[in-house]
Amino acid sequence: MYSKIVYLNFPKTKANKPLVCNLVKQFDLSFNILNAEILPRKEGKMVIELLGNQKNCKKGIQYLKDNGVKVKSAGGVIKRHEDICMHCGACTAVCPTDALSICRPEMFVEFNREKCSLCELCVRVCPARAMYIRPTKTVFFGE
């Protein structure tokens, strides 16, 4: 499953429309609202994590843009849940920067965050879902 965290800015003419809910119906996506400030007849702001397949996420984001929503990707870092990583090596096969590699003869996966380009390929292929994206900046609205 693909996951992407995005910032959404709704113009005041669209803030009362069910655009985010339509992502579920029309694009088979689910979402997790991380932060939101939506007021009637005012500009709306939201941070959501979209979950689904990558192709549908792209279509859903384009749908939001086509409806006047400003969409910006959240900055983040790739992290690994050390306790659930099986060290299977699936991530090493897709990593374009060699940030993930297999240490031999111990046969464990080593993760060098400094080499990571945030391509998110490892997140998509990890069968244990040990690899994930963590936002680097928390956005709180209304402060």
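Throughout, read-outs are computed from the coordinates displayed, never taken from laboratory work. Predicted model only: the values in this text are computed from it and were never measured. Note that we place each Cβ from the backbone using ideal geometry, even for glycine, and neighbour counts take in every protein chain shown.
What the table shows:
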{"read-out": "DSSP-loop trypsin sites (Lys or Arg not before Pro) across region 1-50, with at most 10 other Cβ within 10 angstrom", "value": "ARG41"}
{"read-out": "Acute angle (nearest 10 degrees) that the helix 54-66 long axis makes with the longest principal axis of the chain, alpha-carbon atoms", "value": "20"}
{"read-out": "Kirkwood hydrodynamic radius of the chain, Cα pairs, Å", "value": "16.6"}
{"read-out": "FRET efficiency for GLU82 and ILE33, using Cβ-Cβ distance with R0 set to 35 Å, rounded to 0.05", "value": "0.80"}
{"read-out": "Region 56-143: trypsin sites (Lys or Arg not before Pro) in DSSP coil with no more than 12 other Cβ atoms inside 10 Å", "value": "ARG129, LYS137"}
{"read-out": "FRET efficiency, VAL24 to SER117 (Cβ-Cβ, R0 30 Å, nearest 0.05)", "value": "0.45"}
{"read-out": "Straight-distance crosslink candidates among lysines, where the alpha carbon sits under 25 Å from LYS115 and sequence neighbours closer than 8 are dropped", "value": "LYS4, LYS72, LYS79, LYS137"}
{"read-out": "Helix-derived mean residue ellipticity, 222 nm - over the chain, DSSP H n ≥ 4, -39500 (n - 2.57), to 500", "value": "-6000 deg cm²/dmol"}
{"read-out": "Computed magnitude of the charge dipole of region 2-73 (debye, nearest 20; Cβ of K, R +1, Cβ of D, E -1)", "value": "260"}
